[in-house]
1. In this structure, does E78 turn out to be at pLDDT 90 or above, closer than 20 Å to E58 by Cα and in a helix (DSSP H, G or I)?
2. Filtering the range 59-75 down to residues that are open to solvent by 60 Å² or more (accessible area, probe 1.4 Å), farther than 21 Å from L156 by Cα and in a helix (DSSP H, G or I), which residue is modelled with the lowest pLDDT?
3. Taking T73 as the residue in question, decide whether it is under 15 Å from N11 (Cβ atoms) and without any contact (Cβ under 8 Å) to a residue 60 or more places away in the chain.
4. For the condition surrounded by 15 or more Cβ atoms within 10 Å (Cβ to Cβ), at pLDDT 90 or above and closer than 25 Å to E168 by Cα, what is the one hit in H18, H27, H47?
5. Pairs please, first residue from the range 170-189 and part of a helix (DSSP H, G or I), second anywhere and modelled with pLDDT under 55 and open to solvent by 90 Å² or more (accessible area, probe 1.4 Å), Cβ atoms under 6 Å, 6+ apart in sequence or on different chains.
Amino acid sequence: LTLYLSPDSDNMLQTLGHELGEFALAHNAEEMAEVRDAVLEFLAATHGYENVDKLVKEYQRQYAAVEGSKSYTEAVNELMNDFFGTQLSTNKGIDRFINWLENHKSAEERGRIYQWFIDILTKIRDTLREFVNKTELTAEQKYLLEGNAEVAQKLLDRFLDAVGNAAENVRKLNKNASSTESETKSETKSDTTKIRNKIIVSSNGQSVVWID
């Protein structure tokens, strides 16, 4: 999973949450279905089932005008992804995301590049906090942030765990696929994927966070 995130974008963290959600839905559908149900319950407890139903149908209407028709479940998935993008658009959400990135590294990777990794995470945290502090939330984001903040952040933890499990599923698939190839091809693949999920902050015309 590779995401290029520019702080110059108006919706950087929304994009982050949305794309992580799309990735997890594609590679960890069962766990994400449980997360989706929990998000719906949370939103219903906060705003009422009728209002959440109206919101989902509005998502269907908006997407139909741009991408084509979506089923009710597909619209709920889009709502869920936006919900987590919004949770990431807070300083607490950023802290949880950074902690997840740190803990998601394998013990081997942390031992090999630990200090470098911590330095990079600090730069990412500072960059994202700067973005949050200068960005005004939309009406929809404010709506999605309503409710019990502690419960919402725990949902974010579940979401990030599901994303991590999706990434692990992909690694296992790649490992199984590579085992059927020739030894030469397998070694080449191993060399190119030795360090997974690199995180680099660079400045080349604009600030970019690269999560690989």
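The values are calculated or read from the model by the stated rules, or taken from the named source; none is laboratory data. Keep in mind that what you see is a predicted model, and the values were worked out from it rather than measured. Don't worry about glycine lacking a Cβ; one is built from the backbone with ideal geometry, like all the others, and counts go over all protein chains shown. Each accessible area value is taken on the protein alone, full model and side chains, heavy atoms only, with ligands, DNA and RNA left out. Shrake-Rupley method; radii C 1.70, N 1.55, O 1.52, S 1.80 Å.
1. yes
2. So, considering only residues that are open to solvent by 60 Å² or more (accessible area, probe 1.4 Å), farther than 21 Å from L156 by Cα and in a helix (DSSP H, G or I), the one modelled with the lowest pLDDT is V66.
3. So T73 does not fit the description; no.
4. None of the other options fit; the residue is H27.
5. If the second residue must be modelled with pLDDT under 55 and open to solvent by 90 Å² or more (accessible area, probe 1.4 Å), no pairs are left.
Residue-wise test of (1) in contact with a Pro (Cβ under 8 Å, 6 or more places away or on another chain); (2) among the hydrophobic types (A, V, I, L, M, F, W, C); (3) under 18 Å from E19 (Cα atoms).
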residue: T122; (1), (2), (3): no, no, no
residue: K134; (1), (2), (3): no, no, no
residue: A139; (1), (2), (3): no, yes, no
residue: L144; (1), (2), (3): no, yes, yes
residue: V151; (1), (2), (3): no, yes, no
residue: D157; (1), (2), (3): no, no, yes
